[in-house]
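Read through the structure below, which is laid out as structure tokens, and then see the notes.
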Amino acid sequence: MKKSFFTTAILSLAMISCGTTKNYKILSKSKTDTQGTVSFTQKGNTVTMDINAYKLSPGKHAVHIHEKGDCSAPDASSAGGHWNPTSHKHGKWEQGEFHMGDIGNLVADKEGTARLVFKTDKWCLGCTDESKNIIGKSIVIHDKEDDFHSQPTGNAGGRVGCVEIK
């Protein structure tokens, strides 16, 4: 019985500790003061993204994954367009047609603080499936909200924050 308990405890600890976490700082873009952090954690087949953003204008701000992990341009244009490995139309996540870069909106309070926690099994951190792997992409926070209809960007406006996912 002791051996069984010990084996179960070791396996449970291994399962809890198995996972990958990556933490990033949000880079302000387009002459804004946008700040904050983004973390990605993968446990099993689920990736959790946790965005904590500060110094945004109050209201809704679209968040998308963009195709290139390059935030070097002052306006984040170097991040390219939305990540869309399946060539679907822009839309709202898991509602009709959407692409892998369609995340949704952050809602900043009157102090400009926003948090978004997003979980999916449609992404991975460093796997070999390029239709799921988000390493080498970027997170872009936009000036306006995503309307979930306008093609190809959801009429989300300029880019105020950027994170290179490495």
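The values are calculated or read from the model by the stated rules, or taken from the named source; none is laboratory data. In this text, all values refer to a predicted model and were calculated from it rather than measured experimentally. Cβ placement follows ideal geometry from the backbone for every residue including glycine, while neighbour counts extend to all protein chains displayed.
In a residue-by-residue description of segment 91-111, the property of being closer than 20 Å to Cys162 by Cβ, in contact (Cβ under 8 Å) with a residue 60 or more places away in the chain and in contact with a strand residue (DSSP E or B) (Cβ under 9 Å, 6 or more places away or on another chain) applies to no position. Of all the listed residues (Thr153, Thr128), the sole one being part of a loop (DSSP other than H, G, I, E, B), within 21 Å of Val47 (Cα to Cα) and hydroxyl-bearing (Ser, Thr, Tyr) is Thr128. In the set His82, His142, only one residue is within 12 Å of the chain's Cα centre (by Cα) and touching a residue at least 40 places away in the same chain (Cβ under 8 Å); that residue is His82. The residues listed here are Lys119, Lys60, Lys68, Lys110; of these, the one that is in a strand (DSSP E or B), at pLDDT 95 or above and over 15 Å from Gly157 (Cα atoms) is Lys119. For segment 41-55, the set of residues classified as within 17 Å of the chain's Cα centre (by Cα) and either in a loop (DSSP other than H, G, I, E, B) or surrounded by fewer than 16 Cβ atoms within 10 Å (Cβ to Cβ) (or both) consists of Lys43, Asn45, Thr46, listed by residue number. Checking segment 86-93 against the condition returns a match, with at least one residue being more than 14 Å from Thr153 (Cα to Cα) and of a type outside the set (Gly, Ala, Ser).
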